[in-house]
Amino acid sequence: MRQPIGSGVITPLLTPIHPDESVNYQEMKALIDYVIAGGVDAIFIMGSTGEFARFDEDTRGKIISQCIQDVAGRVLVYAGVADTGLRSVLRNVKHAEQAGADVLVVTLPYYYPIYNDDEAYSFFSSVAAATKLPIMLYNIPSTCGANISIEVVEQLLHIDNIIGIKDSSGDLNNIHQLLTLKNRGRDFAVTVGDESLCYEGLWAGADGIVPSLSNPYPKLLAELYRSAVTKDEIRLKELCSIMDDMNQLNRYSNTWMSPNVWRKKALAHLGICSEYCTKPYVAIDPQVDREIIKTIELYHTMYT
């Protein structure tokens, strides 16, 4: 049975590519099959982990369409429609609708940061008015240059098809404030996008998590979420600690792309997809590669 929108483990899918940066659709299907078999509840296509901003409009649309075909209704598909302005976002919304997406994921426009609450409200309400699909807000100030304020979220609660928010601010206080809004009785999902806050967010009552680590290690994240549902705090803390240890590899380079790079390298070792990323990025050196192999060995010790 499908999880409600905004709940469970929502995998922000990596995008397998060839060395020339064209999309490897065969490997994308293999990755989709792998994470679904691992127990995740939904797939988020063309998010930050999917390197969406480095693909052109036509390629993004094809990726979303092919993902939906490959998922074939097994889990919900969330389609990222982020762009630099309202017109471009609405164009992406139309493509995602035509492809058959279940949920739209909408950030603030990027490049020109939106600091004004009235401007932010106008943008999100305009997107919501243009579609009947459910909308998940996506708060990621590190790439959009601005935060979706609690005041704007509160204003948007009266719009029926705005059904939740993915918060990747890394600010635990922000998650607590969002949960306070949720607890007023509105059916509004709060999902945690920052893996370092999975324990705190889930234990406080968040509906779901959107962990990029569920690409190479879906069973780990599926069990982590189940431990929160069953209120097994000891197991939840244990699994979150394992995840935090694995994510020390995020620091192998001081770049935004480093988590994507090492997760793809792990998937290459697992035989799921190749390690290629869109350029530029800092390549994995032999010492980091040995550490990646250790995480794989740990994972297979736990789940084989």
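Bear in mind that the values in this text are calculations on the coordinates, not laboratory data. Predicted model, so just to flag it, every value in this text is computed and none were measured. For neighbour counting, all protein chains shown are included, and Cβ atoms are generated from backbone atoms with ideal geometry for every residue, glycine included.
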Residue exposure sequence - Thr15, Thr49 - by fewest surrounding Cβ within 10 Å: Thr49, Thr15
For the chain the mean separation of alpha carbon contacts under 8 Å (6+ apart) over residue count, i.e. relative contact order in percent, is 19
Cβ-Cβ cut-off under 15 Å around Ile296, Lys and Arg +1, Asp and Glu -1: the net charge is +1
Arranged by the count of other C-beta atoms within 10 angstrom, fewest first, what order do Ser149, Ser88 take? Ser88, Ser149
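Can you tell me the order of 234-244, 58-68 when each peptide is scored by its average per-residue count of other Cβ atoms within 10 angstrom, highest first?
58-68, 234-244
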In segment 8-245, with Lys and Arg counted as +1 and Asp and Glu as -1 at Cβ, which of these residues, Ala130, Met46, Ile17, has the Cα nearest the positive end of the dipole, that is, farthest along it? Ala130
Above 28 Å lies some portion of the pair distances; for the chain, what is it as a whole percent of all C-alpha pairs? 34
Leaving out same-chain residues fewer than 8 places away, which lysines sit with a Cα under 18 Å from that of Lys294? Lys219, Lys264, Lys265
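Using per-residue counts of other Cβ atoms within 10 Å, averaged over each peptide, order 111-118, 98-105 from highest down.
So the order, starting with the most tightly packed, is 98-105, 111-118.
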Asn254 paired with His18, simple spin-label distance in nm, labels 7 Å along Cα-to-beta-carbon: 3.7
Quick one: Karplus J couplings for segment 98-107, per residue in order, coefficients 6.51, -1.76, 1.60, θ = phi - 60°, nearest Hz, x for Gly and Pro? 5, 6, x, 4, 8, 9, 9, 10, 10, 8
So what is the calculated 222 nm ellipticity per residue for the chain, using -39500 (n - 2.57) for each DSSP H run with n of 4 or more, over all residues, to the nearest 500 deg cm²/dmol? -14500 deg cm²/dmol
Only Lys, Arg (+1) and Asp, Glu (-1) charged, at Cβ; segment 1-89 dipole about Cα centre in debye: 340
Would you order Leu156, Leu270, Leu13 from fewest to most other beta-carbon atoms within 10 Å of each residue's own beta-carbon? Leu270, Leu156, Leu13
Rg(Cα) / (2.2 N^0.38 Å) computed for segment 18-134, rounded to two decimals: 1.10
Treating only the Cβ atoms of Lys and Arg (+1) and Asp and Glu (-1) as charged, compute the dipole magnitude of the chain about its Cα centre; round to the nearest 20 debye. 480
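What do you get when you divide the Cα radius of gyration of segment 139-285 by 2.2 N^0.38 Å, with N the number of residues?
1.14
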